[in-house]
Amino acid sequence: MRVRITGPAEKDLELGYLFYEQQQAGLGTYLLDALYTDIDSLSFYAGIHLKLWGYHRLLSKSFPFAIYYSIDKNTVLVLAESAVTLSVAKRPGANAVHVVDTILEKVASLKGSLIPEDMKYADHRKFT
């Protein structure tokens with residue numbers, strides 16, 4: 001199966017590279033090597049991954065990235081790479097529901113500016 005990386009996905013790769021390269025020299029290159037290896041594997045394994053929001057999602061083995069793709073005839077279209085994970089711990093005595101509600105309000109206020117309008121996010125509460 002042929003694999004094609006779309007323009008927005010290429011931009012995601014570039015932004016990921018720049019972010020990791022700022023963290024440590026050479027880390028951005030390592031990110032790209034790992035993600036391109038994951039993407040290349042789609043020529044063999046496309047379609048076996050979980051579908052989420054209507055797209056297949058391949059989780060990278062080396063970085064906290066998810067690769068979203070669709071299949072059109074004999075071509076895999078890599079649509080986006082996502083690298084956002086946010087874990088929050090509350091202080092002892094704080095109201096966990098209030099903490100989560102405050103964070104979700106902030107995320108909602110950033111949509112359309114810092115966070116793209118079409119970006120999806122999920123709330124996975126675990127109060128233990």
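Scanning the range 22-42 for residues that are in contact with a strand residue (DSSP E or B) (Cβ under 8 Å, 6 or more places away or on another chain) and loosely packed, with under 13 Cβ neighbours inside 10 Å yields one hit, 40. Looking across the range 3-21 at every residue that is assigned to a helix (DSSP H, G or I) and of a type in the set (D, E, K, R), the one that is surrounded by the most Cβ atoms within 10 Å (Cβ to Cβ) is identified as 12.
At least 3 residues being β-branched (Val, Ile, Thr) is the threshold, and among the helices (runs of 4 or more DSSP H) wholly inside the range 26-111 those reaching it are 27-40, 96-110.
For (1) modelled with pLDDT of 85 or more; (2) under 26 Å from residue 123 (Cα atoms), each residue gets a yes or a no:
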| site | (1), (2) |
| --- | --- |
| 10 | yes, no |
| 20 | yes, yes |
| 73 | yes, no |
| 85 | no, yes |
| 100 | no, yes |
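The values are calculated or read from the model by the stated rules, or taken from the named source; none is laboratory data. On a predicted model such as this, the values are computed, not experimentally measured, just so you know. A quick note on method: Cβ atoms are made from the backbone with ideal geometry, for glycine too, and the neighbour counts reach across all protein chains shown.
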